[in-house]
Amino acid sequence: MFDLMNNTLEQEWDYFAKDATKDHELTIIREDGVYRHLRVATPGTNTYAWEIVTWPGHLAISGDVGDGYTFSRLYDMFDFFNPHATTNDTMPSIDFHYWAEKLGFAQRGTEKRFSPEQFLHRVREAAEAYAKEYDKNIDVEALCTQASHHTDNEYTAREWARDEDTVLSQDFYWEADFSVYDHHYVTACFAIADTIRRYNDVKKTPQENITAPATV
């Protein structure tokens with residue numbers, strides 16, 4: 001079954017990995033145990049660049065990508081995020097919901113936003129299911145058109161859904177999820193996974209293969 005949220009995430013990852021960050025490089029500014037300061041950027045520009053700082057029990061990201069998110073879970077937060085770091089261009093296996101639970105208290109709830117597209121997608125799903133099971137003569141397209149006039153915000157969408165309870169059940173009104181992960185949160189998660197992938201690549205490089213700085 002088509003999943004609007006997953007489809008959107010895959011599109012965002014393609015742009016992130018194949019366009020926005022394709023020339024990025026990792027710079028280790030500081031590393032002292034779990035105290036780290038890393039920067040990922042295309043040399044000579046701050047566009048789509050970010051920095052990650054870790055200290056005991058915390059990881060924070062700032063910059064042009066993911067600015068302002070702080071996660072807290074393990075003493076070394078790289079241990080928390082490392083299993084999800086991709087080793088190639090495929091989208092990392094991020095559990096966005098679980099990661100959001102590790103955000104600072106004041107940031108929880110900011111990771112998702114109401115999506116008119118997701119709302120209309122859920123309405124169509126519910127209407128088609130009702131038509132298949134109860135009334136094949138229901139005009140699904142007309143219902144979806146009506147729904148499209150009530151997408152200004154989540155409150156408006158849910159109030160409309162409540163009034164359409166012949167087709168849309170009370171469970172739909174109370175429990176249906178009309179949200180998607182916010183772009184800024186998604187790219188922050190991508191950036192963290194990408195940073196750790198780059199960090200792992202540096203750490204597994206034999207010391208003798210690291211090019212020494214040029215002397216003058």
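The values are calculated or read from the model by the stated rules, or taken from the named source; none is laboratory data. Owing to the predicted nature of the structure, the values given are computational and were not obtained by experimental measurement. FYI the Cβ positions are ideal-geometry reconstructions off the backbone, even for glycines, and counts take in every protein chain you see.
No other residue among 175, 154 is of a type in the set (Asp, Glu), within 30 Å of residue 107 (Cβ to Cβ) and either in contact with a helix residue (DSSP H, G or I) (Cβ under 6 Å, 6 or more places away or on another chain) or surrounded by 12 or more Cβ atoms within 10 Å (Cβ to Cβ) (or both) apart from 154. Every test in (1) modelled with pLDDT under 95; (2) surrounded by 15 or more Cβ atoms within 10 Å (Cβ to Cβ); (3) among the basic types (Lys, Arg) is passed by residue 18 save one, and that test is (2).
Yes/no matrix, rows are residues, columns are (1) touching a residue at least 12 places away in the same chain (Cβ under 8 Å); (2) in a loop (DSSP other than H, G, I, E, B); (3) over 25 Å from residue 163 (Cα atoms):
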residue: 48; (1), (2), (3): yes, yes, yes
residue: 60; (1), (2), (3): no, no, yes
residue: 66; (1), (2), (3): yes, yes, yes
residue: 71; (1), (2), (3): yes, no, yes
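Of all the numbered requirements in (1) closer than 30 Å to residue 175 by Cα; (2) out of contact with any strand residue (DSSP E or B) (no Cβ under 7 Å at 6 or more places or on another chain), residue 69 misses one, and that requirement is (2).
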